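Peer 1: Take a look at this one; I'll ask things after.
The values are calculated or read from the model by the stated rules, or taken from the named source; none is laboratory data. Remember, it's a predicted structure, so these values are computed and weren't measured experimentally. Here the Cβ positions follow ideal geometry from the backbone for every residue, glycine too, while neighbour counts run over all protein chains shown.
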Amino acid sequence: MTKASQEKEQPKSSLQRRIIMAFALGLVLVVLPLGSWIYLRDGLQWRKDAKAELGSYGKIRGAYIIYPDGIKENQLAESVCVIHNFGENPELTKENQQIIDTNKRLYDQFGKTSDGIPRPFFKIVMIFEGGSTEFRSEIQKIPSIDYATWVRSGGLGSWGTILDNGYEKYRVEKDAKKHEYVYALAGPDGQIRCFYNALNEKQVERMVQQVALMIPNLK
């Protein structure tokens, strides 16, 4: 290459470097911050939308345990609770099996902290009295059924009234279709915040998202 050719190439190379540097600078100063802002904006809007769906549909009752020393403790106090009423003498139907399987998935996701210890302020509440041998056997097979996360409760009369009244208010407010199998989600204050079709995967997914928003210091 002649000296004259080198002199022609140098300005061309310098121009290319300036273009590349300008592009990189624009990427750092404009494109990436804009992408981050859009991501944060969408995330913030998602949280606002999720919270806006929550209402107030009555307070749940307690589920008490009495220790040998006579101390009485409400297992649901200050906890985010996912609640399903299986009713009286439930059978192990395909619907009930699906709900039990969903409960297991909920436990896998929220039942323990990242340190592997039971999460103190999340409860899966299963309401039933009696039940077929197959149903009760399936309940007993749930992993860690004796952990504090799992709460089995009777009291069908009071629970039924609370959940039925809350669900009716929810349906009227949301103009929602009635479903036979539902979850109720209650916040740490004991107030029912939302209802979901327990057999609809999209609604269960939405419930999971809203549980994550409500659990304090989720990690």
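Peer 1: I'd like the full set of residues that are among the β-branched types (Val, Ile, Thr) and either closer than 16 Å to residue 197 by Cα or without any contact (Cβ under 8 Å) to a residue 40 or more places away in the chain (or both), limited to the stretch 82-123.
Peer 2: Passing the criteria: 82, 83, 93, 99, 100, 102, 117.
Peer 1: Select from the stretch 199-218 the residues that are part of a loop (DSSP other than H, G, I, E, B) and under 13 Å from the mean Cα position of the chain (by Cα) and list them in ascending order.
Peer 2: 215, 216, 218
Peer 1: Can I ask one more? Being closer than 15 Å to residue 86 by Cα and β-branched (Val, Ile, Thr) is the filter here, so list the residues in the stretch 157-186 that pass it.
Peer 2: 161, 162, 182
Peer 1: Checking residue 128 against (1) modelled with pLDDT of 90 or more; (2) surrounded by 14 or more Cβ atoms within 10 Å (Cβ to Cβ); (3) part of a helix (DSSP H, G or I), which single condition isn't satisfied?
Peer 2: The number of the failed condition is (3).
Peer 1: Could you tell me how many of the residues in the stretch 164-181 are touching an Asp or Glu at 6+ places or on another chain (Cβ under 6 Å) and in a helix (DSSP H, G or I)? Talk me through it step by step, then tell me what you get.
Peer 2: Our first condition is that a residue be touching an Asp or Glu at 6+ places or on another chain (Cβ under 6 Å); within the stretch 164-181, this holds for 181.
Now restrict to residues that are in a helix (DSSP H, G or I): none.
Counting residues in the stretch 164-181 that are touching an Asp or Glu at 6+ places or on another chain (Cβ under 6 Å) and in a helix (DSSP H, G or I) gives 0.
Quick grid of which residues meet (1) at positive phi; (2) in contact with a strand residue (DSSP E or B) (Cβ under 6 Å, 6 or more places away or on another chain):
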residue: 67; (1), (2): no, no
residue: 85; (1), (2): no, yes
residue: 90; (1), (2): no, yes
residue: 94; (1), (2): no, no
residue: 103; (1), (2): no, yes
residue: 116; (1), (2): yes, no
residue: 127; (1), (2): no, yes
residue: 133; (1), (2): no, no
residue: 137; (1), (2): no, no
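Peer 1: Inspect the stretch 128-136 for any residue being out of contact with any His (no Cβ under 9 Å at 6 or more places or on another chain), free of Cβ contacts under 8 Å to residues at least 24 places away in the same chain and not small (Gly, Ala, Ser) and give the result as yes or no.
Peer 2: yes
Peer 1: How about the stretch 1-105: which strands (runs of 3 or more DSSP E) wholly inside it have at least 2 residues that are of a type in the set (A, V, I, L, M, F, W, C) and at pLDDT below 90?
Peer 2: 64-66
Peer 1: Before we move on, is residue 110 surrounded by 13 or more Cβ atoms within 10 Å (Cβ to Cβ), within 13 Å of residue 82 (Cβ to Cβ) and either assigned by TED's automatic domain parsing to the domain that holds residue 95 or touching a Lys or Arg at 6+ places or on another chain (Cβ under 6 Å) (or both)?
Peer 2: yes
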